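Participant: Sharing a structure here in structure tokens format.
The values are calculated or read from the model by the stated rules, or taken from the named source; none is laboratory data. In this text the structure is predicted, and so the values were computed from the model without any measurement. Cβ atoms come from the backbone with ideal geometry, glycine included; neighbour counts cover every protein chain shown. For the accessible areas, the whole protein counts, side chains as well, though only heavy atoms, and no ligand, DNA or RNA atoms are used. Shrake-Rupley method; radii C 1.70, N 1.55, O 1.52, S 1.80 Å.
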Amino acid sequence: MAFKIAVFGVRDNEVPYFHDLNKYNYDLTLVPENLSLANVDKVDGHDAVLARANCALHADMLQKLSAHGIKYVFTRTVGHSHIDLHFAKEYGLTVAYVPSYSPYAVAELAFTLALMQQRQTTLAVANAAKGQFQVLPQMFATELHNLTVGIIGTGRIGQAEAELWRGVGATVLGYDVYQNDKAKELLTYVSEDELLVKSDIVSLHVPHFPGKNDSYFNAAYVAKMKDGAVLVNTARAEITNQDAILAAVEAGKLRGFATDVIADERHYFGKDFHGESTGNATVDKMMALYPQVIVTPHMGSYTEGALMDMIAISFENFNDVLTTGTSRNLVEV
């Protein structure tokens, strides 16, 4: 009997990739919506769930999945903070993740967002759409080869972004608790404080560890940043104090802020509010501060290369546990 996997959050254009990469002939149920308490019954008759980051796998959800007979709760993402590991263990659920995918996907988006804010192209295009074709003082920019870019978190994604900045002649600084030799070929390691003081652009590539680094990039960190700098976050919103960052933009401390992530984003991303309030004051302020603040809907990994990696590695994770009882990509629960 084929192993049955309920896959949630599958976009229409992703469907062919799931089928083409299904070399183990799993019985797949591809569900467009993210997993929620409203559609959890779709897991009936399945052995496993394959989720994405905006599927909240907390206590109530995990209890229901266990009650439906699910034994494996895998995520096709690098981050797994959306899974409550304590309750996964309590309900006897095996958890696995994708440790990495194409680093260029997120790195290229971070690079793009930084360029948009540095050259104020978002402001210029937004004004042009309204028929305003003036060159404003705030559009005055430093050329790329004269920029200093600070990358906090110098893993594979941080290194890929550093490579892009090196390609345009920028000076690249890096900070990471764990320094590595490959990154040293692309950037200069400095202290976190020195990076914040010197960088025209700061790009965050730090994983979120719930209960350990929540909101660590706070008002004190923003205050240390160079006046007129740009902050880019394509990591996790939970590592930042969003309100402190927005206050710095409003005060003119920051030239701009660009983010591919917002806190509790499953409540907002994937939905169309038709220009109305989201019901969240912080998110509404982000919209109000456009184009000084630009938000993309967690699309960093939305490239063909990254998608294929996420699917292929997830399928290998299932094959590993089914044939050997374990996988190197299991999450300790």
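Participant: Among the listed pairs 198/285; 23/71; 42/89; 182/224, which are separated by more than 26 Å between their Cα atoms?
Facilitator: 198/285; 182/224
Participant: Another question, if that's okay. All other residues with a Cβ under 11 Å from the Cβ of residue 24 taken together, and with Lys, Arg as +1 and Asp, Glu as -1, what is their net charge?
Facilitator: Values: positive: 23; negative: 27, 316, 320.
Around residue 24, the charge tally is -2.
Participant: Please list 3J(HN,Hα) in residue order for region 65-82, calculated via the Karplus relation 6.51 cos²θ - 1.76 cosθ + 1.60 where θ = phi - 60°; whole Hz, with x for glycine and proline.
Facilitator: Per-residue couplings from phi come out as 4, 4, 5, 7, x, 6, 10, 10, 10, 10, 10, 8, 10, 6, x, 9, 6, 7 Hz.
Participant: May I pose another question? Evaluate the distance, in nm, between pseudo-label points positioned 7 Å from the Cα of residue 179 and of residue 141 along their respective Cα→Cβ axes.
Facilitator: 3.2
Participant: Among residues other than residue 285 whose Cβ falls under 10 Å from its Cβ, what is the net charge (Lys/Arg +1, Asp/Glu -1)?
Facilitator: Around residue 285, the charge tally is -3.
Participant: Roughly speaking, what is the centre-to-centre gap between region 23-37 and region 226-254 when only Cα atoms are used, to the nearest Å?
Facilitator: Centre-to-centre (Cα) distance: 37 Å.
Participant: Roughly what would the spin-label model give for residue 278 and residue 119, points 7 Å off Cα along C-beta, in nm?
Facilitator: It is 2.7 nm.
Participant: Accessible area per residue of the chain at 1.4 Å probe, in Å²?
Facilitator: Values: 15820 Å² over 333 residues.
The answer is 48 Å² per residue.
Participant: Using only Cα atoms, locate the centre of region 76-117 and the centre of region 169-196, then give the distance between them in Å, rounded to an integer.
Facilitator: Measuring centre to centre over Cα atoms gives 23 Å.
Participant: Same structure again: When the helix-only estimate is applied to the chain (DSSP H runs of n ≥ 4, each -39,500 (n - 2.57), divided by the residue count), what is the mean residue ellipticity at 222 nm, nearest 500 deg cm²/dmol?
Facilitator: Value at 222 nm, helices only, nearest 500: -9500 deg cm²/dmol.
Participant: Could you work out the local net charge near residue 104, counting Lys and Arg as +1, Asp and Glu as -1, over the other residues with Cβ closer than 12 Å to its Cβ?
Facilitator: -4
Participant: Given a cut-off of under 8 Å on Cα pairs at least six residues apart, what relative contact order in percent is computed for region 182-279?
Facilitator: Over region 182-279, the number comes to 26 percent.
Participant: Another question about this same structure. What are the extents of the Cα atoms of region 1-109 along their three principal axes, listed from largest to smallest and rounded to whole Å?
Facilitator: That works out to 40, 31, 24 Å along the principal axes.
Participant: Counting GluC sites (Glu not before Pro) as exposed when in a DSSP loop with at most 16 other beta carbons within 10 Å, what is the longest stretch of the chain free of them?
Facilitator: Details: sites that count: 33, 143, 185, 276, 332.
In short, 34-142.
Participant: In addition: Report the FRET efficiency, 1/(1 + (r/R0)^6), for residue 134 and residue 112, where r is their Cβ-Cβ distance and R0 is 30 Å, rounded to 0.05.
Facilitator: It comes to 0.75.
Participant: Once amide H atoms are placed 1.01 Å from N in the peptide plane, what residues at a sequence separation of 5 or more from residue 33, or on another chain, have their amide H within under 5 Å of its amide H?
Facilitator: Answer set, sorted by chain and number: 9, 10.
Participant: Which loop chymotrypsin sites (Phe, Trp or Tyr not before Pro) in region 243-273, with loop taken from DSSP, have no more than 15 other Cβ atoms within 10 angstrom of their Cβ?
Facilitator: 273
Participant: Using every alpha carbon pair in the chain, what percent of pairs falls into each 20 Å bin from 0 up to the bin containing the largest distance?
Facilitator: Going out from 0 Å in 20 Å bins, the chain shows 30, 54, 16, 0 percent.
Participant: Under unit Cβ charges (Lys, Arg +1; Asp, Glu -1), what dipole magnitude, rounded to 20 debye, does region 50-139 have relative to its Cα centre? Could you put the intermediate results ahead of the total?
Facilitator: Values: 7 positive and 4 negative charges, 33 e Å.
Charge dipole, region 50-139, about its Cα centre: 160 debye, nearest 20.
Participant: A further question on this structure: Tell me, what is the FRET efficiency for residue 197 and residue 58 to the nearest 0.05, using R0 = 41 angstrom and their Cβ-Cβ distance as r?
Facilitator: Once the sixth-power term is evaluated, E becomes 0.55.
Participant: Please report the carbon-and-sulfur percent of the accessible area for the chain; probe 1.4 Å, protein heavy atoms only, DNA, RNA and ligands left out.
Facilitator: Carbon and sulfur together cover 51 percent of it.
Participant: Relative to the compact-globule scaling 2.2 N^0.38 Å, provide the ratio for the alpha-carbon radius of gyration of region 150-261.
Facilitator: Taking the Cα Rg and dividing by 2.2 N^0.38 Å, one obtains 1.00.
Participant: For region 119-212, which chymotrypsin sites (Phe, Trp or Tyr not before Pro) are in a loop by DSSP, counting at most 15 other Cβ atoms within 10 Å?
Facilitator: Passing sites in region 119-212 are 133, 140, 178.
Participant: For the chain, with only Lys/Arg (+1) and Asp/Glu (-1) charged at the beta-carbon, what is the dipole magnitude about the Cα centre, in debye rounded to 20?
Facilitator: Using Cβ point charges on Lys, Arg, Asp and Glu, the chain gives about 300 debye.
Participant: How high is the relative contact order of the chain, in percent, counting Cα pairs under 8 Å that sit 6 or more residues apart? Please list the in-between numbers first.
Facilitator: Values: 600 pairs, mean separation 57.5, N = 333.
Dividing the mean separation by the residue count of the chain yields 17 percent.
Participant: Do you know the relative contact order of region 27-158, to the nearest whole percent, from alpha carbon pairs under 8 angstrom that are 6+ apart?
Facilitator: 18
Participant: What stretch of the chain, leaving out the sites themselves, is the longest with no trypsin sites (Lys or Arg not before Pro) in a DSSP loop having at most 14 other Cβ atoms within 10 Å?
Facilitator: With trypsin sites (Lys or Arg not before Pro) excluded where exposed in loops, the chain gives 24-129 as its longest stretch.
Participant: Using the alpha carbon gyration tensor of region 228-333, what are the three equivalent-ellipsoid semi-axes (square root of 5 times each eigenvalue), largest first, in whole Å?
Facilitator: Semi-axes (√(5λ), whole Å): 36, 15, 13.
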